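Undergrad: Got a structure for you, questions after.
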Amino acid sequence: MSSDTGSFRRTFPRATFVRRRRVPLDAVVPDTAVLAPAAGDPLPAPAGTTPPGASTVHADVRQVALRTTAPAPSLPTVMPDEEPLTRPSGTRRVTTLPVRPAPEPAPKPKRPIPARPQPIAAINLGSGDPLLLLHGFLLSPHCWEQVAARMAARCEVFAPALPGHWGGPPVDGPLDVGKLADEIERMLDEKGWRTCHIAGNSLGGWIGAELARRGRARTLTLIAPAGGWGSPSLTQFRVGLKFLALVPLAEAGKRIGVRPMDNPVVRRLAGYALAKHPGRIASRDSSAAVQAVLQCAAMVPLLLGGVRHPALPDLATLGTPVRLLLAEYDRVIPNRVYARRYLAELPDSADLILVNGVGHVPMLEAPDRIATLIAEHVYASRSRLKAL
């Protein structure tokens, strides 16, 4: 055989080879008695002279090959879980893989439970120029967290909780803007701040204007400020009735079993009052706003005391650089009614800016823009304009 055949045999030593033989036309076969058992069908003896002990048969090649070819070897039986001992030529090796059980579905990951907001007495961080941030009525320093973090790179930020509000010192008896300003001045004296930059939202803007009148402000940034009405006036009573409607809701929220701050519907309603787009407010911020309303002890005292408190003096007498930021979609004190006095009495040097696409508390849904507007006003007073 050739070298190719030898290498093939070395590769497959157990393989069975079948060689096809050509049978001549004049084949001499054994006697019919011998072929009969093998073929199973006796052949008739031919006529004529036949040598004794042998018979010459002129048969078809295919018939003789059929009768003389040995039966094909039977293949070994292969069990499903066994591998054949030999590998005959032309067969395939069958390997049955074990049946694997279906994997169990992975458990759904549990949604992390956000940490509940805690009361904050004051936010105090950063270094640089002193900056006082005052929150609005029924709120807390939580609403200034994002702006304070952005301003801390250039300023020492101080955002205290107002007296009677969540996290602030307790109050006794009636409360008004004058008493709140007195308490904030006491805090500034403890910190050693004779003057500082002031930014206030809503009620915080009203208190900031009072502090500026007392000479405690280097600059004043008013963000949707309250107090733009006479006392007494119809506008003042309308604001008081609007907030008095929250008293029974707050009392009911304190007594229900499920925490209102965990209810997405309650958070959505609170966000609708504070912002143009409630979906832009983080869940933690909206939860803190709801909790601040429920824990505000100054709600009724401040509403009763505000009726007797005199209105803001003429705003034209303010000698402090002033920047007024009005929220375009203010649903608490709309600009067309409650901002008229600010727009009419502020000096011509004041910056009047309408912040588009925000609600009454724009720090919650646009902290970058509010921080930039405050920083511009702070640094413009130092004869160089910078923005964070």
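Undergrad: Is the shape of region 258-331 rounded, prolate or oblate, going by the alpha carbon gyration tensor and its root eigenvalues a ≥ b ≥ c, with a/c under 1.5 for rounded and a/b larger than b/c for prolate?
TA: Values: a/c = 3.15, a/b = 1.56, b/c = 2.02.
It comes out oblate by the Cα gyration axes.
Undergrad: Using Cα pairs under 8 angstrom and six or more residues apart, how large is the relative contact order of region 257-335, in percent? Intermediate values should be presented prior to the final figure.
TA: Values: 41 pairs, mean separation 25.0, N = 79.
Averaging sequence separation for qualifying contacts and normalising by length gives 32 percent for region 257-335.
Undergrad: Using modelled backbone amide H atoms (1.01 Å from N, in-plane), which distant-in-sequence or interchain residues come within less than 5 Å of Ala217's amide H?
TA: Hits under the 5 Å cutoff: Cys196.
Undergrad: Read phi for every residue in region 166-174 and hand back ³J(HN,Hα) as whole Hz from Karplus 6.51 cos²θ - 1.76 cosθ + 1.60, θ = phi - 60°, with x for Gly and Pro.
TA: Here the 3J(HN,Hα) series is 4, x, x, x, x, 10, 10, x, x Hz.
Undergrad: Under 5 Å between amide H atoms, partner at least 5 residues away or on a different chain: which partners does Ala153 have, H built in plane at 1.01 Å?
TA: The list, which skips near neighbours in sequence, is empty: none.
Undergrad: In region 277-336, carbon and sulfur make up what percent of the accessible area (probe 1.4 Å)? Please list the in-between numbers first.
TA: Details: 1450 of 2610 Å².
Solvent-exposed carbon and sulfur of region 277-336 make up 55 percent of the total.
Undergrad: Taking only protein heavy atoms and a 1.4 Å probe, what accessible area per residue, in Å², does region 280-388 have with all protein chains in place?
TA: Details: 4860 Å² over 109 residues.
Per-residue accessible area for region 280-388 comes out at 45 Å².
Undergrad: Provide the per-residue ³J(HN,Hα) series for region 355-368, in order, calculated from phi with Karplus coefficients 6.51, -1.76, 1.60 and θ = phi - 60°, each as a whole number of Hz, with x at glycine and proline positions.
TA: Taking θ as phi minus 60°, the curve returns 8, 6, x, 10, x, 5, 10, x, 5, 7, 10, 9, x, 5 Hz for region 355-368.
Undergrad: Something else now. Check Val332: other-chain or 5+ apart residues with amide H under 5 Å from its amide H, H built from backbone geometry?
TA: Excluding prolines and chain starts, which carry no amide H, the hits are His360.
Undergrad: Continuing with this model, one more query. Post the alpha-carbon centroid distance, region 165-204 to region 279-315, in whole angstrom.
TA: That distance is 13 Å.
The values are calculated or read from the model by the stated rules, or taken from the named source; none is laboratory data. Model, not experiment: these values are computed from the prediction. In case anyone asks, the SASA skips ligands and DNA or RNA and just uses the protein heavy atoms, side chains included. Shrake-Rupley method; radii C 1.70, N 1.55, O 1.52, S 1.80 Å.
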